[in-house]
Every structure is written in structure tokens, then in C-alpha cells.
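Scroll down for the structure; my scribbles are underneath it.
The values are calculated or read from the model by the stated rules, or taken from the named source; none is laboratory data. Predicted, not measured: the structure shown is a model, and the values here were computed from it. Because the Cβ atoms are built from the backbone with ideal geometry, glycine has one as well, and the counts that use them run over all protein chains shown. Heavy atoms of the whole protein, side chains included, go into the accessibility calculation; ligands, DNA and RNA do not. Shrake-Rupley method; radii C 1.70, N 1.55, O 1.52, S 1.80 Å.
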Amino acid sequence: MKVFIDCRMLNSGGIGTYLESLLPYFTKAFDCTLLIFKKQKESLPDTVSNTQIIETDIKTFSLKEMFCFPAALKKFINSCDIFYSPYCNIPGGIKIPIYTTIHDIVFLDIADLSSKAGTLIRKFFYQRAINHSKAIFTVSEFSAQRIKEKLKLKNKPLIVTYNAVPGHFSADSQDEAQKDNSIIYVGNIKKHKGLSYLLEAFEICKNQGLNCKLVIVGNADNFRSGDTEIAKRLSTANEADIQFTGRISDSDLQNYYHKARLLVQPSLYEGFGMPPMEALSLGTNVVISDIPVFKEIYNDFPVTFFKTADSKDLAEKIMQAFNLPSPHNIPEKYSFKNTSEIIINSLRS
């Protein structure tokens, strides 16, 4: 079976990691062709080195993608059996069966994340993906329920695949790290990530005498420009207490996870939420909000839940969890092998 895979979302946060982790399974199961940007070639997993690659400069979600996709490229795609995209962007003119993944619909569920026009545009692309797809994948039962609530499935199959820890986060061959006094946050500054509640809780913990440091993993400029309220707090923060890492490599992120006493994920909304699972796999305890998707995904894991959007309760849970021993016996509930099998079996059927 010839499968054409749109890989232009590689290196694009969680979606890129999801795709990168699935590619070795796809290329082993099918005769695959991968569509990439030129700069992404070095990011492809070694296991796909012998796979056919097509390079393009056409951006995802662009007018050119929808209306002016090259005729020769469309002809090649339509000579394949299946088109798969790890997200909801679909080039115009594809006539073969299409399969897409909608990870979450946070922009439809959380007000003020985007302008009204921006929300409508995103809804258009979500719905367009459903309309053009033979089946749609998503990463949690929570996301599936929200998609059913906000969009029109039109009897299309909606298949939950779940997410998983990337292979490079495996701690099997590593000794237990010496912990420092850091609390790590991994994510962006969008309001649904709840960073403002972590900053309030962190201040409470410091005032109560907890010797701790907050490490925020992400691009510092993006953090400062994304939310005015948080920007004001951060502008007056003591640099000895709060550290921005900027953009870092996977190996550096893994090192921060290893050293931290806690990962705190104070999200108000997620489609899945990978950082807690990554932290647990590297021996770091986790404090997370009790939002529905976290209760679904992490209910059987050794995590500490706090009341969502409650800074005082979060501070209390941080104080309780800060000196806990490293977590062990992490359930082997999710894996990209299992995820890939769900998708591959769906494509074959």
C-alpha cells in the first residue's frame, strides 16, 4: 500500500513529536512518501532514511496549499492509495482517501484565545478536515467528546489513538539523577496553560519558606509577549527565583526533567498533555490540575492532583510533593507502538 504522509509539521511542538514518533512504524508497514520542507530533512528519524522524500516550500494552512498546490505533486499524491496528515490541514485537489488527526479544539472551547475571526478560521479548518477525511484520529476520549460537541462528524469514524512518551525520553539506561531544588514548567503562555496560577502558587511557597526555583521551558520572548498580566509579574521577578531556558534541545529538556524535584502542569485545558508523562518517565514527580483529560489520562499514574485554577491549593500540593521520593512503577499504558497499530489498522481496513 502506498501512503503519502504530510510531514511539514515536524519540529512543530507536540504535533511534530507525535508525527516523528509514528514515522518509523508507518515506513515499516507501508510504501511511504514523505512531504517535507527542505530544512526538515535532518530532523527525520534515521529509520526513514531510505524512504522517498519530496521537498516543498508551500506552507501549511496557506491559500497556496488549498488552491494552488502544484499539479505534478497532486498527480503524484493521487497515484498513491492513502493521504495522511498528522493535523487538520489538507491540500486542495486530493482525490484518494484522506486520514487526519485533530489533537484538540481548544480554540473553540476557550474564549479569548483568538479573535472571533481567528476562531472562525480554525473552525473552518477543523470542519474541512472532517468533511474531506475518511476517518479522523484524536488523542483522548476528552478530545473526541469535544469534537463531537462542537463539530459535525457526518457519520465519519472518530478514532482515539492516544499519545505517548517519545523514545528519546526513555530512562532505562540512566542512573537516577541528583535532584536540585527546581520546579519545572513546560509549555507556552497561552491562557489555557494556567501559568498565572503557578506563578501565584510559587510566590506563596517562597513566602512559606520553600527553597525552590521555577524553571520555565520555552521561548522567553514568546512568554513575555503572549500575556500582559503574566508579563508584568515576570518583569518584576527575581532572576534567581525564575529562570527562562529559551528554546532548548530534547537532550537539554531531558536533563531539566531529570534534575527537577517537580513538574507542575497547571493547565485549564489540554487535548492530552505530554509533559507530565515525560517527567514521570524520567523519575520526576508531577503536580497537575484536575481537568477532565488529566483525570482520564493520569488517573492510574503516581501524580498529585490540585484543584484547577486554585493557586492556594496548588501551593499546598507543591509543598506536599516537593520532597517525595522519585516515582516508580509507572504504568506502561501508552506507547507509540500501540498508537501506530491503531492508525495502521485503520488505514489497512
Exercise. Please give the number of the condition residue 94 fails out of (1) closer than 21 Å to residue 122 by Cα; (2) surrounded by fewer than 16 Cβ atoms within 10 Å (Cβ to Cβ).
Key: (2)
Quiz prompt | Filter pass, residue 59 being basic (Lys, Arg) and over 26 Å from residue 156 (Cα atoms) | solution = yes
Quiz item: If we scan segment 47-60, do we find a residue that is in a helix (DSSP H, G or I) and within 19 Å of the chain's Cα centre (by Cα)?
Solution: no
Quiz item: Of (1) at pLDDT 70 or above; (2) assigned to a helix (DSSP H, G or I); (3) open to solvent by less than 30 Å² (accessible area, probe 1.4 Å), residue 183 satisfies all except one. Which?
Solution: (2)
Exercise. Residue by residue through segment 295-329, note down the ones that are open to solvent by 50 Å² or more (accessible area, probe 1.4 Å), closer than 19 Å to residue 282 by Cα and aliphatic (A, V, I, L, M).
Key: 324
Quiz item: On the given criteria, is residue 101 more than 30 Å from residue 278 (Cβ to Cβ) and open to solvent by less than 30 Å² (accessible area, probe 1.4 Å)?
Solution: no
Practice problem: Give the residues of segment 250-268 that are assigned to a loop (DSSP other than H, G, I, E, B), under 18 Å from residue 188 (Cβ atoms) and not aliphatic (A, V, I, L, M), sorted by residue number. | Solution: 266, 267
Quiz item: Quick one: which of 346, 289, 267 is over 30 Å from residue 26 (Cβ atoms) and either at pLDDT 95 or above or open to solvent by less than 20 Å² (accessible area, probe 1.4 Å) (or both)?
Solution: 289
Exercise. Identify all residues within segment 32-46 that are of a type outside the set (Gly, Ala, Ser), open to solvent by less than 90 Å² (accessible area, probe 1.4 Å) and not in a loop (DSSP other than H, G, I, E, B); write none if there are none.
Key: 32, 33, 34, 35, 36, 37, 40
